[in-house]
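Student: The structure under discussion is supplied below as structure tokens; questions concerning it will follow.
The values are calculated or read from the model by the stated rules, or taken from the named source; none is laboratory data. Predicted model only: the values in this text are computed from it and were never measured. A quick note on method: Cβ atoms are made from the backbone with ideal geometry, for glycine too, and the neighbour counts reach across all protein chains shown. Side chains are part of the model used for accessible areas, which takes the heavy atoms of the whole protein and leaves out ligands, DNA and RNA. Shrake-Rupley method; radii C 1.70, N 1.55, O 1.52, S 1.80 Å.
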Amino acid sequence: MATASPVQPETLRTLPSDAARQIEWGFADRYDLQLLVQSTRAVARGPVARLVANGGRNTHEWTPEKAALLEAFDGAGITAVFMEPEEGGLFAGPKNLALALVAFELAWVDGGAATASLAGCLALAPIHERGTAEQQRHYMKLAAPPQPGEDRKPWRGAFCLTEPIPYVGVDTGMLNGKLRIVEWKPGEEPILQVEKRGRFITNIGYANFVTAAVDSDDERIKGSCMVIVEEGDPGIFDRGTPTRKMVHQLSSTGDPIFNLRIPAGRIVGGYEIKDGVLVPRYNHSEVIEAVFRRTRVTVGVMTAAKLLSSVEPVIRYQRGRFRGAETATPGSVRYELGLQAREDALHRLVDVWATGEASASLAFAAARAFDELDPLEKDMEKLYAERGVMGGKGRLKMLREAADKAVELMQLPAGDARKQQLNSDLLLRFVQLDSLADVLCPAAKLWNTGWGAQMMREAVSLMGGYGITEDCPGFLGNKWMDAQLEATYEGPEAVQRRQLSVTMTNPVFLAQFRGWIREMRTIAAEHPGTGACALATAMTMWHWTLNYLQHSKDADGSKLYQSARQGVTFPLADALCWLVAARCQILDVLRLRKHGAEDPSLAEGLPGLVNFLTDLCHVQTSRASGEIARICAELVFGYDRHPAWDEPGARGCWHQDELDAIEGFIPGMNAYALDVIQSDGSHPQKAGPCVKCHGAQPFLSLHSKLDACLTGSRLAKDRAAEAISKIMIPEALDYPA
Ligand SMILES: Cc1cc2nc3c(=O)[nH]c(=O)nc-3n(C[C@H](O)[C@H](O)[C@H](O)COP(=O)(O)OP(=O)(O)OC[C@H]3O[C@@H](n4cnc5c(N)ncnc54)[C@H](O)[C@@H]3O)c2cc1C
């Protein structure tokens, strides 16, 4: 009797459509954002791509052709995204997701173009986050593109924190920029002298204003602050020499020198006079903390865009690799599949694609979290005012109490009605979301750019020699180098790891994290193919390891989890990023599965797309689990000293005469005992007796469970690889090479 062949699951037909991405990345209901994506894409794949193709990146000088891109940004509405409608902006409300989408579209083609656009927002961000209402009104209006009938050029800005070595770099407290009072007439505003030298300052070639970090050099000014300087201010506004950079050449970067007089009203956020001393409302650290918290997310988006943008050019290259050869006739495997007939070529592309998906999901999740957080922050200001809590200490106390309450509620069993407070109470919602954003932002910046740069190399390698030429379609070689800048600016990896090592131990975050473990198991029950079960086990292992390290000491008795011990805290921060990214990826695919079915334009290819993206989740969770197992094992065991043969008492060893004595009442004991020291002192040839690991038994059980959880992940990779070998792609890339 003939057996029916199993029904093949539907598989991917085309690259994911815009409609699918809108659902996955959470803007299917935002028509304004969908239009913004289209207009940004037209600039990216039009003027930006043409400029790169025509060699615009071959010089680091700021050229008229590069300057023309700024006008293209204005025309497409990109410049106006940052502002409110009354300031000349496009739409009201939070802008984090909108800016992330702009960054994604521009970086799909060129990271420098994306940076030129974003650096303008970075310059305005101190004013937006901490400026006085008047400063906000004034500078946003100046920077907004002209309205129809208005004859003016929009002001461009630069953000100046980094200084020439040995001053500000990663350590933002080592500030050399100076601020002094040079004139202070009774009853009038003080006039200040600003001295600041910048290093690697983006947009400096054409900036009309600069937000700069400076420190007091005058006993009549308290501490540090950020100030706004303008090109027309009296004194020196020297843009300096352009940086001879090998990356992001479509943005302008240089080392400026400022020595200018400004009114005290240019201190970002304003100031008070207390006992004859000018006290800025915010010090420079408070301003940059509020700024980078949001702007680093968009940097993480940029590297994700690069990875996803490499998929189509790589497929086209692999397919056409042997076409034209006599032996590769149409219809032959060599002609039709080219390099895609080789498993490794496909598997590596699966890895690049899966990383791109996970990093995009993570960065867009972070952007959405900040969109949610922005109005809550405003509501919190009102709440503080209502309750008369004005000082920092009072606020901290209130937040600490709310945090304790939130953790308590999150620990209640599912279904307990008291849990509803977590969503209905403003304070509780705020502390939860704030602690989450504190992790998502550095994780997106760290993992997307750092691991993204590694995977971008992998994408380049798939194009062979072509990958490292200027002719490479999709500009992949440029994107590889550019990714390293994204890993560096706005604080390199060490800064993100340092931040994560603190925020990931926040009990409110950890309570949410434990909820994620349960969430992943529930998802796994319904969608086992996502790899969510393995992820839950990997999450459990990470959580166990953090707890272990927080309460353990090394072989010399020193505490393991402490800020100076970057060898412990940093790898654990890296490990967390893998987990967070894989979770975001799974959640996005589930959203697509659920809501895609409601969109008729998606209906036809949806099952195949979801199956493929689910396999990518499985591939990614398995890779993430491997990373967790590797990192955690090294940390748990690496700080114990290995037992030695000659240490007193020879830990964990049997002595032959002991064994002989036991053999009398436990026959066969001799055969079971390892690590036996003979009566002449000789022992097996190895580093020492094997480690017994009594304290780490739960870890070992988790480790073997996690290994088994990887079951099926390579089958998922095989399926994804096969799908890629069959996917239809357009004849040519939609932007020039
Ligand atoms: C093209 C470009 C554009 C830029 N645009 C701007 C801009 O517009 N505005 C602006 O203000 N800045 C800008 N920067 C500066 C950028 O933000 C800094 O280069 C970056 O923050 C790193 O500082 P640094 O170069 O001094 O590195 P360093 O501080 O010297 O760091 C070197 C290495 O040491 C590590 N390290 C340093 N300190 C620690 C530590 N405490 N613990 C562990 N490891 C550590 C770092 O991770 C890094 O790997 C730009 C840079 C470039 C290249």
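Student: Run the quick spin-label model on N547 and T469: label points 7 Å from Cα toward the beta carbon, then report their separation in nm to one decimal.
Tutor: 5.7 nm
Student: Evaluate the charge dipole of the chain about its Cα centre and quote only its size in Debye, nearest 20, assuming +1 on the Cβ of each Lys and Arg and -1 on the Cβ of each Asp and Glu.
Tutor: The calculated dipole for the chain is roughly 300 debye.
Student: Then there's this: Give me the distance in nm between label points sitting 7 Å out from Cα along the Cα-to-Cβ direction at Y384 and A687, one decimal.
Tutor: In this crude label model, Y384 to A687 measures out at 5.2 nm.
Student: I've got another one for you. Keeping all protein chains in position, work out how much accessible area F73 exposes to a 1.4 Å probe, and write it in Å² to the nearest 10.
Tutor: Near enough 10 Å² of accessible area.
Student: Which order do W184, W542 take by accessible area at a 1.4 Å probe, largest first?
Tutor: W184, W542
Student: In this model, which of K274/K382; K594/K717; K479/K717; K692/K717 are farther than 31 Å apart at the alpha-carbon?
Tutor: Table pairs above 31 Å Cα-Cα are K692/K717.
Student: Using a Förster distance of 41 Å, how high is the FRET efficiency between Q454 and E372, based on the Cβ-Cβ distance and rounded to 0.05?
Tutor: For Q454 and E372, the calculated efficiency is 0.85.
Student: Between E326 and R342, what length comes free when the chain is fully extended (0.36 nm per residue of separation minus the Cα-Cα distance, one decimal in nm)?
Tutor: The span from E326 to R342 would gain 3.8 nm if fully extended.
Student: Further question on the same structure: Largest first, what is the accessible-area ranking of K419, K686, K445 with a 1.4 Å probe?
Tutor: Solvent-accessible surface, decreasing: K686, K419, K445.
Student: For T253, what accessible area in Å² do you get when you roll a 1.4 Å probe over the heavy atoms of the protein chains, rounding to the nearest 10?
Tutor: Accessible area, nearest 10 Å²: 20 Å².
Student: Run the helix sum for the chain: -39,500 (n - 2.57) per DSSP H stretch of 4+ residues, divided by residue count, reported at 222 nm to the nearest 500 deg cm²/dmol.
Tutor: So the helix-based figure for the chain works out to -17500 deg cm²/dmol.
Student: Take the solvent-accessible surface of the protein heavy atoms, probe 1.4 Å, and return the percent of it on the chain that carbon and sulfur atoms account for.
Tutor: That share works out to 54 percent.
Student: Of G557, M539, C653, which is farthest towards the positive pole of the stretch 534-690's charge dipole, taken about the Cα centre with +1 and -1 on the beta-carbons of Lys, Arg and Asp, Glu respectively?
Tutor: Of G557, M539, C653, it is M539.
Student: Between E604 and K245, take the C-beta separation as r, use R0 = 35 Å, and let me know the FRET efficiency to the nearest 0.05.
Tutor: Calculated value: 0.15.
Student: Given the chain, what percent of its DSSP beta bridges are antiparallel, to the nearest 5?
Tutor: 75 percent
Student: In nm, to one decimal, how far is the modelled label at E231 from the one at R137, with both set 7 Å along Cα→Cβ?
Tutor: Once both label points are built, they end up 2.6 nm from each other.
Student: Gain in length, T63 to A414, computed as 0.36 nm per residue apart minus the alpha-carbon separation, to one decimal in nm?
Tutor: Net length gain for the segment: 120.3 nm.
Student: A further question on this structure: Mean separation of Cα pairs under 8 Å and 6+ residues apart, divided by the residue count of the stretch 626-737: what relative contact order is that in percent?
Tutor: 23 percent
Student: Before anything else, pin down the relative contact order of the stretch 348-459: Cα pairs under 8 Å, at least 6 apart, normalised by residue count, whole percent.
Tutor: 48 percent.
Student: May I ask you to give the solvent-accessible area per residue for the stretch 571-685, in square angstrom, as obtained with a 1.4 angstrom probe?
Tutor: That works out to 47 Å² for each residue.
Student: Fully extended, how many nm does the chain gain between I191 and E86 (0.36 nm per residue separation, minus their Cα-Cα distance)?
Tutor: Difference between extended and current length: 34.7 nm.
Student: Using the alpha carbon gyration tensor of the chain, what are the three equivalent-ellipsoid semi-axes (square root of 5 times each eigenvalue), largest first, in whole Å?
Tutor: Each semi-axis is the square root of five times an eigenvalue, giving 47, 37, 26 Å.
Student: With every protein chain left in place, what is the accessible area of Y489 in Å² (1.4 Å probe, nearest 10)?
Tutor: Y489 exposes around 40 Å² with every protein chain in place.
Student: Relative contact order (percent) for the chain, with alpha-carbon contacts under 8 angstrom and 6 or more residues of separation?
Tutor: 14 percent
Student: Name the aspartates and glutamates eligible as straight-distance cross-link partners of K245: C-alpha to C-alpha under 20 Å, and not fewer than 8 places from it in the same chain.
Tutor: Within the straight-line limit of under 20 Å, K245 reaches these aspartates and glutamates: E61, E65, D110, E163, D255, E470, D482, E486, E490, E493.
Student: Go through L337, L674 and list them by solvent-accessible area, largest first, probe radius 1.4 Å.
Tutor: Ranked from most to least accessible, the order is L674, L337.
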